[in-house]
Amino acid sequence: MLRHGLRKYVAWMLALSLHSPLWAQQEVKIGVIYPLTGASAAVGAELRNALELATDIINNGIPGLSDLPLNGGGLPNLKGAKLKLVFADHQANPQTGASEAERLISQEKVVALVGSYNSAVTATASQIAERSGIPFLNPESSSASLTQRGFKWFFRTTPHDDLFIHNAFEFLQELKNKKGITVGGIASLNENGLWGTETTKLQAKLAPEYKFNLVKQVSYPAKTTQLTSEVQTLKIANPKLLLQSSYTADAILSMKTYKELGFSPDMILANNAGFTDTDFIKTLGKDAEYIITREVWALDLANTNPLIKKVNDAYFSRYKINFTGNSSRTFTGLMVMADAINRAGSTDPEAIRKALVATHLPGNKLIMPWSGVKFDESGQNLLGRGILAQIVDGKYHTVWPFDMASRPVVWPMPSWDKR
């Protein structure tokens with residue numbers, strides 16, 4: 001009888017421990033939704049690497065990185081709980097992203113979501129999180145409308161395209177006023193997903209406001225396998241400057257088509273994404289030279305922020321590539337989410353949401369050239385900024401703002417027959 005009672009007591013204590021806050025907090029599960037297969041798999045792999053590095057820093061620590069929000073020991077306010085990432089592959093498909101968000105929330109029981117690079121996927125996946133009352137942090141998607149939906153559970157650390165497109169035209173104005181370079185007629189080539197479509201509208205709106213002549217706008221189907229007709233249309237328009245928004249495969253395809261058909265404007269000013277993927281320079285080699293792209297990160301900024309080099313060294317030692325504007329933002333996004341969970345001292349979604357609302361990380365805690373992270377009432381980070389980088393000798397160099405430039409801008413770029 002005594003032995004039976006002892007067994008019941010032990011069973012009761014075990015059941016109690018399994019449901020106690022201490023036990024539950026040994027592992028904090030965050031769902032991360034990214035393109036791990038398909039056309040965007042290469043950039044997805046880099047983003048996964050960035051997430052895994054951030055998790056290792058948070059859980060186990062790396063010497064010399066004490067300036068980051070968390071470095072070793074897990075989440076101290078949750079008794080050292082370790083972060084666990086649950087990966088989902090959205091394949092650049094908005095419907096897949098939504099179903100994966102549903103799975104992560106209902107089956108994996110994640111306490112928060114991070115993702116999803118492609119703006120169209122971020123839109124659908126975050127709708128599921130909003131409906132479910134789960135915090136969703138977006139580190140990279142730049143469609144301005146994502147923070148114009150009145151969502152309560154959505155937060156974005158990166159600046160958005162409204163800022164980036166303004167930056168592009170500000171750069172062109174300063175190019176004329178400070179460098180004496182007149183741009184001439186402008187055309188645009190953008191993919192026709194959410195990101196590209198919104199970018200096209202912003203460019204059409206802002207060009208006349210900044211007194212630039214937008215002579216042609218061309219869009220193409222996302223995931224296209226040929227751009228011949230679109231490039232021929234651009235050749236006929238004969239712009240001096242091309243503004244372009246493309247993901248990796250399309251960006252590479254477009255450059256090959258430009259060379260093949262002899263389309264050679266004075267400059268291509270890209271809207272990040274595929275033009276900052278490691279595969280862009282790796283695949284095109286010298287044909288990638290002189291492109292200018294809007295950016296949020298560049299390794300040469302380590303001259304003013306030593307933390308950039310320290311974290312990039314850790315990334316490079318593991319993966320033999322440098323951070324890009326994409327992977328650095330993903331790394332930063334997970335750090336911000338982990339910091340909020342730690343400050344919340346809880347895995348309760350509402351507590352995490354409130355901690356995100358209260359976030360105010362200073363710039364010296366980040367590897368981004370931002371003033372920090374502080375969200376407005378729409379969930380948009382108020383303290384982000386953009387830069388422009390130009391590819392010279394196979395590397396990205398900051399060329400704008402001019403007071404941050406590591407080298408002068410090369411303009412115009414040589415025509416294909418003179419390279």
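The values are calculated or read from the model by the stated rules, or taken from the named source; none is laboratory data. Note that this is a predicted model, so its numbers are computed, not measured. Cβ: placed from backbone, ideal geometry, glycine included. Neighbour counts: every protein chain shown.
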Being touching a residue at least 12 places away in the same chain (Cβ under 8 Å), more than 22 Å from Asp279 (Cβ to Cβ) and crowded, with 24+ Cβ neighbours inside 10 Å: is that true of Gly379 here? yes
Determine whether Gly363 is within 20 Å of Val32 (Cβ to Cβ), touching a Pro at 6+ places or on another chain (Cβ under 9 Å) and assigned by TED's automatic domain parsing to the domain that holds Ile30. no
Where Glu140 falls short, out of the listed (1) assigned to a helix (DSSP H, G or I); (2) out of contact with any strand residue (DSSP E or B) (no Cβ under 8 Å at 6 or more places or on another chain): (1)
Return only the number of the condition from (1) surrounded by 16 or more Cβ atoms within 10 Å (Cβ to Cβ); (2) at pLDDT 95 or above that Ala92 does not satisfy. (2)
Out of (1) part of a loop (DSSP other than H, G, I, E, B); (2) of a type in the set (Val, Ile, Thr); (3) under 28 Å from Ala207 (Cβ atoms), the odd one out for Val110 is which? (3)
Scan segment 303-321 for residues that are under 20 Å from the mean Cα position of the chain (by Cα), among the hydroxyl-bearing types (Ser, Thr, Tyr) and closer than 20 Å to Gly363 by Cβ and jot them down. Tyr315
Within segment 278-302, how many residues turn out to be within 11 Å of the chain's Cα centre (by Cα) and assigned to a loop (DSSP other than H, G, I, E, B)? 2
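Okay, residues lined up against (1) small (Gly, Ala, Ser); (2) surrounded by 24 or more Cβ atoms within 10 Å (Cβ to Cβ):
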{"residue": "Ala101", "(1), (2)": "yes, yes"}
{"residue": "Gln107", "(1), (2)": "no, no"}
{"residue": "Val111", "(1), (2)": "no, no"}
{"residue": "Tyr117", "(1), (2)": "no, yes"}
{"residue": "Ala123", "(1), (2)": "yes, no"}
{"residue": "Ser126", "(1), (2)": "yes, yes"}
{"residue": "Phe136", "(1), (2)": "no, yes"}
{"residue": "Ser143", "(1), (2)": "yes, yes"}
Within segment 184-206, which residues are over 23 Å from Thr147 (Cα atoms) and under 29 Å from the mean Cα position of the chain (by Cα)? Ile186, Ala187, Ser188, Leu189
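This table checks each residue for (1) of a type outside the set (Gly, Ala, Ser); (2) in contact with a Ser or Thr (Cβ under 8 Å, 6 or more places away or on another chain).
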| site | (1), (2) |
| --- | --- |
| Asn190 | yes, yes |
| Gly193 | no, yes |
| Glu198 | yes, yes |
| Asn213 | yes, no |
| Lys223 | yes, no |
| Ser229 | no, no |
| Leu241 | yes, no |
| Gln244 | yes, yes |
| Met255 | yes, no |
